[in-house]
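This report concerns only the one structure given below.
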Amino acid sequence: MVANPFQYGAELKPSQLVNRKLEIRDVTRALLEHGRLFLIGPRRHGKTAVLHAACAAARREDAIVLEFDAESYAGLDELVRAVIAEAARVLKSDARRTGERILALFSKLRPVIQFNPATGEWSATISVDAGRQSMPLFIEALDGVARMACEVGSPVALVIDEFQKVIEWGGESAEGQIRAALQRHSDVGFVFAGSKTSMLNDMTLNPARPFYRMGMRHFLGPLARDEFRSFITRGFENAGHRVDPKAVEDILDVAEDVPYNVQALSSVAWDLLRDRRPSMLTSTSVRQALQLLISRDSPFYVTLWNGLTDVQKRLLRAVIQERGVELASTAAGKSHGLASSTVSKTLRLLEERQILRREEQDKTVRWRFEDPFFAAWLSR
């Protein structure tokens, strides 16, 4: 039986990425050459997969890469403990010597570390004084990683996905403190990634903010259609299905060229054709796949919809009808019973909840659904 070539819902393997070769190359270089790089992109665009592919490539070159997802932790102190435990894991020595080295590298944090011989895993606790701010803990963790880089004979790099959480935890002064630390540590590569595009774009492009021109930026947008067309077509044809080119365009239109969405819709369509012989991917089968996909997620969409205010619901309908453009105009507002000031405020709230995202287009702004299948569910 031929396996479904379109994967979604789990992290993509490097071999399943469609292109992103330039991004993987530049992230890998930053890891190996003590660079500073910001990888910015909306959710579902393959950001985490790019990071993991680059980290794997750097490790093949004997680099020590400490990789974390900030959203996996409840606060900076938990993230700091994870940094210490991961540093212990990657140091190649016996448990006693590793413990001594960790105590020396992160001495200001006064870590207590433990090794579980049954699992081969390290855990760490740190001494947190009452009333002490959390950002100094993080800065001291960066200092410890830098000391480790001076000890080992391999490149050392720190990768933090969803980096905006660190800034949110650290407060107003966080950016300045982290920038100062990065400037001190030229022997460590730093890659920070995040999905809150408006926040991270302002953080790295605004001359008044500390991270302005701090390093290279990569923005992950939709992939070029030519590459996705061949990827989709090849996936169906390799299983013996014929492909109508119009159906491929339908998949890309509905999925709005977002990698995760393209994989999801293609996967469901592929399963629908699995046992049909002869079979052909057509616009009809794409519509059937879309209906099946949104019906599976309908309970989630119902809960999300019921949690919105009437104004938010009207605005989401307006985004669909106006294709996300000129929503704050007087004409659009009147058409949907919304004042311009209300529209602007509500758009920001929906962006904060990651239901909508702002997309700059030449001289205008377009608002898109983070999940276009939610828009399809609303339209239905």
Inspect the stretch 169-191 for any residue being buried (at least 18 other Cβ atoms within 10 Å of the Cβ) and on the phi > 0 side of the Ramachandran plot and give the result as yes or no.
no
State all residues of the stretch 64-75 that are out of contact with any strand residue (DSSP E or B) (no Cβ under 6 Å at 6 or more places or on another chain) and either more than 13 Å from E162 (Cβ to Cβ) or acidic (D, E) (or both); if no residue qualifies, say none.
E71, A74, G75
Can you pull out the residues in the stretch 254-291 that are within 28 Å of G41 (Cα to Cα), among the acidic types (D, E) and in contact (Cβ under 8 Å) with a residue 60 or more places away in the chain?
E256
Residue tally, condition under 15 Å from F190 (Cα atoms) and among the small types (G, A, S), over the stretch 39-86
4
Can you list the helices (runs of 4 or more DSSP H) lying wholly within the stretch 309-380 that have 1 or more residues being touching a residue at least 24 places away in the same chain (Cβ under 8 Å) and surrounded by 18 or more Cβ atoms within 10 Å (Cβ to Cβ)?
310-321, 340-352, 372-379
Suppose we keep only residues that are more than 16 Å from A376 (Cα to Cα) and part of a loop (DSSP other than H, G, I, E, B) within the stretch 231-271. Which one would you say is modelled with the highest pLDDT?
D244
Is it the case that the stretch 272-292 has a residue that's among the charged types (D, E, K, R) and either in the same structural domain as F374 (by TED's automatic domain parsing) or modelled with pLDDT of 95 or more (or both)?
yes
Can you pull out every residue in the stretch 170-208 that is among the β-branched types (V, I, T) and touching a Pro at 6+ places or on another chain (Cβ under 7 Å)?
T197
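Looking only at the stretch 143-154, count how many residues are of a type outside the set (A, V, I, L, M, F, W, C) and in a helix (DSSP H, G or I).
At the first step, the residues of the stretch 143-154 found to be of a type outside the set (A, V, I, L, M, F, W, C) are 143-144, 147, 151, 153-154.
Then keep just the ones that are in a helix (DSSP H, G or I); that gives 143-144, 147, 151.
Here the count works out to 4.
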Exclusive hit being under 20 Å from E67 (Cα atoms) and at pLDDT below 90, set V128, V152, V145, V156:
V152
Any residue in the stretch 159-179 that is touching a residue at least 40 places away in the same chain (Cβ under 8 Å) and closer than 18 Å to I40 by Cα sitting within a Cβ distance under 7 Å of a residue that is in a helix (DSSP H, G or I) and polar (S, T, N, Q)? List the pairs, counting only those 6 or more apart or interchain.
D161/T48
I'd like the full set of residues that are under 23 Å from the mean Cα position of the chain (by Cα), of a type in the set (D, E, K, R) and closer than 21 Å to T119 by Cα, limited to the stretch 71-103.
E78, R81, E86
Read through the list (1) modelled with pLDDT of 90 or more; (2) touching a Lys or Arg at 6+ places or on another chain (Cβ under 6 Å); (3) closer than 30 Å to G221 by Cβ; (4) not in a helix (DSSP H, G or I), then give the number of the only condition that E67 fails.
(2)
Give the residues of the stretch 155-183 that are in a helix (DSSP H, G or I) and of a type in the set (D, E, K, R), sorted by residue number.
K165, E168, E175, R179
Filter the stretch 193-215 down to residues that are within 16 Å of K165 (Cα to Cα) and out of contact with any helix residue (DSSP H, G or I) (no Cβ under 8 Å at 6 or more places or on another chain) and give me whichever is surrounded by the fewest Cβ atoms within 10 Å (Cβ to Cβ).
D202
Testing S15 on (1) over 19 Å from G215 (Cα atoms); (2) part of a helix (DSSP H, G or I); (3) modelled with pLDDT of 85 or more, one condition comes back false. Which one is that?
(3)
Looking only at the stretch 220-229, filter to residues that are crowded, with 16+ Cβ neighbours inside 10 Å and not in a loop (DSSP other than H, G, I, E, B); which one of those is modelled with the lowest pLDDT?
F228
Per the filter on the stretch 87-97, residues without any contact (Cβ under 8 Å) to a residue 24 or more places away in the chain and either of a type in the set (S, T, Y) or under 18 Å from D143 (Cβ atoms) (or both) are S93
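The values are calculated or read from the model by the stated rules, or taken from the named source; none is laboratory data. The structure presented is a predicted model; accordingly, all values stated were derived computationally and were not measured. Cβ atoms come from the backbone with ideal geometry, glycine included; neighbour counts cover every protein chain shown.
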